[in-house]
Amino acid sequence: MNGSLLDASALTGRRSRRAATRRRTGFCILASVAVFSLFGPAVIGIDPARQTLADTLLPPGAAHWLGTDVLGRSVLARLAHAARLSLGLALLAAVTAAIPGVLLGVVASWRRGRIERGLVMLADAVLSVPGLLLVLLFAALAPGRYWALYIGLSLSLWVEYFRVARAASRPVLAGDAVQASRLLGFGPGYVLRRHLLPALAPVLGTLLAFSAAQAVLALAALGFIGVGLQPPTPELGLMMIEFLPHYEEAPWLIAAPVALLMLLVFGMMLLVSEGEPA
């Protein structure tokens, strides 16, 4: 019996250490990409749109660490600006979607009745349209505009926050701590700040990572099919479609945006603990 308890304790400890290692690795990857996107353009000091046709398809070297594309533009400079754009827009859209999604989920769980049914119907209506299609519709309305992609991403992401917050806040609201706070006369703001948000924070942190990863992939997919941001804007999906025709003579070109996109998504996925629900 004691041996079984010791084995279970050791197994739990190993899982905790492994989860912590995963999170640290994911954080280090994202921090590296964030530093590259924030300071890379200033350190590199090359205009990502500057064309030098004499330097067409140069291989990686001292002057251009990742070579140049068919128009003689620095791939490293374009990659740094693309990382800033994708990471910044994805995080902004995820955070913007989280605020109304969480608040509406808490309101639905708190008020119940008609308010909850109405909010659930609204969420189901939005959910009936695939997220990427919703972003595509906004992108088609205003081709190449940042705000169109931002609004489309935010509208497609808030539903998941609503559903998770509604389900996770229900047992918290029915708990003894919240009931005691209500009997003592504390208002909704106190309950939200002291009970609901601390209980929801771990789940919402996981969901934020997933949402940001979804947004990065959606931006790249739209850029790849040519309905997202337009050239010469440096964006990961656009860079892939620009470099694809030259993958045989200059394979390092297509490898650069693909590797950065994989690093971004991989780092966000590592932030989620193994077996943790999203």
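Sequence-ordered 3J(HN,Hα) estimates for region 168-173 from the Karplus curve with 6.51, -1.76 and 1.60 and θ = phi - 60° stand at 7, 7, 4, x, 5, 5 Hz, glycine and proline given as x.
Taking label points 7 Å from Cα along the Cα-to-Cβ direction, Val43 and Leu141 give a separation of 4.0 nm. Taking amide H atoms as placed 1.01 Å from N in the peptide plane, the amide H of Val70 lies under 5 Å from those of Leu57, each 5 or more residues away in sequence or on another chain.
Rounded to two decimals, what is Rg over Rh for the chain when you use alpha-carbon atoms and the Kirkwood radius? Don't skip to the answer; put the middle values down first.
Values: Rg = 22.9 Å, Rh = 21.2 Å.
So for the chain, dividing Rg by the Kirkwood Rh gives 1.08.
Over the residues of the chain, the helix contribution to mean residue ellipticity at 222 nm works out to -25000 deg cm²/dmol, using -39500 (n - 2.57) for each DSSP H run of at least 4.
For the chain, the longest principal axis of the alpha carbon atoms and the long axis of helix 251-270 meet at an angle near 10°.
Can you give the longest run of the chain that contains no GluC sites (Glu not before Pro) sitting in a DSSP loop with at most 13 other Cβ atoms inside 10 Å? Walk me through the numbers before you get to the answer.
Details: sites that count: Glu248, Glu249, Glu274.
For GluC sites (Glu not before Pro) (loop position, at most 13 other Cβ atoms within 10 Å), the longest site-free span of the chain is 1-247.
Please state, to two decimals, what the Cα-based radius of gyration of region 1-116 comes to when divided by 2.2 N^0.38 Å (N = residues). If you can, show how the numbers build up before the last one.
Details: Rg = 24.1 Å, N = 116, 2.2 N^0.38 = 13.4 Å.
Ratio of Cα Rg to 2.2 N^0.38 Å: 1.80.
Once all protein chains are placed together, Ile225 keeps about 110 Å² accessible to a 1.4 angstrom probe.
Just the number please: accessible area per residue for the chain, 1.4 Å probe, all protein chains included, in Å². Mind showing how you got there, number by number?
Working: 14540 Å² over 278 residues.
Ligands and nucleic acids excluded, the result is 52 Å² per residue.
Remark: region 139-154, residue by residue, has Karplus-estimated 3J(HN,Hα) of 5, 6, 5, 9, x, x, 9, 4, 5, 5, 5, 4, 5, x, 5, 5 Hz, where x stands for each Gly or Pro and the curve is 6.51 cos²θ - 1.76 cosθ + 1.60 at θ = phi - 60°. The gain in end-to-end length when the Phe266 to Asp124 segment is fully stretched comes to 48.2 nm, 0.36 nm per residue minus the alpha carbon separation. Accessible surface of the chain, 1.4 Å probe: 69 percent of it comes from carbon and sulfur atoms. When the Cα atoms of region 215-271 are aligned to their principal axes, the ranges along those axes come out at 36, 24, 15 Å in descending order.
Set the Cα radius of gyration of region 132-203 against 2.2 N^0.38 Å, with N its number of residues, and you get 1.62. The GNM of the chain, with springs linking C-alpha atoms under 10 angstrom apart, assigns the highest mean-square fluctuation among Thr25, Thr52, Thr96 to Thr52. When nucleic acids and ligands are ignored and a 1.4 Å probe is applied, Phe36 ends up with an accessible area of around 50 Å². If you run the Gaussian network model on the chain, springs between alpha carbon atoms under 10 Å, then out of Arg170, Arg14, Arg112 the most flexible one is Arg14.
The values are calculated or read from the model by the stated rules, or taken from the named source; none is laboratory data. All values reported here derive from a predicted model rather than from experimental measurement. A quick note on method: Cβ atoms are made from the backbone with ideal geometry, for glycine too, and the neighbour counts reach across all protein chains shown. Just the protein is used for accessible areas: all its heavy atoms, side chains included, with ligands, DNA and RNA removed. Shrake-Rupley method; radii C 1.70, N 1.55, O 1.52, S 1.80 Å.
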